[in-house]
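Please read the structure below before turning to the comments.
The values are calculated or read from the model by the stated rules, or taken from the named source; none is laboratory data. Predicted model only: the values in this text are computed from it and were never measured. Here the Cβ is made from the backbone with ideal geometry for all residues, glycine too, and neighbour counts use every protein chain on show. Side chains included, ligands, DNA and RNA excluded: accessible areas come from the protein's heavy atoms. Shrake-Rupley method; radii C 1.70, N 1.55, O 1.52, S 1.80 Å.
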Amino acid sequence: IVDAQAFGHGQEHHTLRPVLESLEKRYQRLKIRQNLLNQKTIITADTGFANEANMKYLHDRKINGYIPDNQFRSRDPRFQGQKEKHGKRHQNKPKQQKRNVIPASEFTFDPVAMTCICPVGKTLRLRGVRDSSTGQPTAYFEGRLLQCRHCPLKTRCMHNPKAADHRKGAGRQVSF
């Protein structure tokens, strides 16, 4: 029995053919078996591969394959009431509330000099000026990592204060 999903390395793009052909080539290259798919090998795949093109491919090549269809749970009485009992996936996850942080209006922005000063008096770096999604020119500023890391207002100022604690993190970002 060969599980196509296991050999597809997560390439579940609903097409079984490239997965099986690469598997067959690998078996040939390793001299395990020349005609893997022509033997009495059983191929299994998950419901992500259940479509007409894959079924036709298996049938035309006379490959012994088993793929459950996408709707099998809706027809199987053993799965009745499953959604009510367990809920849908990720349905009951609590929504993360956005932290209330010091608003950008508390920062001092000078549009002539293109500077921005944070509430503790540190100068933020100008990241650039780009048009926003509404076409409005917008200046983007970011606090220097070391300044934000050691700032006494870090937990009140940043959406994710831990972002300033590692070297690949970022300081507070504001735009005007």
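Remarks
- Relative to one another, the C-alpha centroids of segment 126-165 and segment 53-82 are positioned 50 Å apart.
- Annotation: extensible slack from Lys168 through Lys98 equals 23.0 nm (criterion: 0.36 nm per residue apart, minus Cα-Cα distance).
- Out-of-range pairs (alpha-carbon distance over 18 Å; input Lys40/Lys62; Lys98/Lys162; Lys98/Lys154; Lys98/Lys122): Lys98/Lys122
- Approximate spin-label separation Ile32-Glu52, in nm, with each point projected 7 Å along Cα-to-Cβ: 3.4 nm
- Amide hydrogen neighbours beyond the local backbone of Gly65, cut-off 5 Å, H modeled: Ile43
- With the simple model of a label 7 Å out from the Cα in the direction of the Cβ, Asn64 to Ser22 spans 2.6 nm.
- Here's the list of lysines a cross-link from Lys83 could span, going by alpha-carbon distance under 18 Å and ignoring same-chain residues fewer than 8 apart: Lys93.
- Of all aspartates and glutamates in the structure, the ones whose alpha carbon falls short of 17 Å from that of Lys25, not counting any fewer than 8 places away in one chain, are Asp3.
- Per-residue surface analysis assigns Arg73 an accessible area of about 120 Å², computed on protein heavy atoms at 1.4 Å probe radius.
- For Gln71 and Ala113, the difference between the fully extended length at 0.36 nm per residue and the C-alpha to C-alpha distance is 8.9 nm.
- Note on Phe79 and Asp131: the model spin-label points, each 7 Å out from Cα along the C-beta direction, lie 4.8 nm apart.
- You can think of it this way: the chain between Thr123 and Glu106 has 4.8 nm of extra reach, that is 0.36 nm per residue less the Cα-Cα gap.
- Carbon + sulfur, % of accessible area of segment 23-176 - ligands and nucleic acids excluded, 1.4 Å: 50 percent
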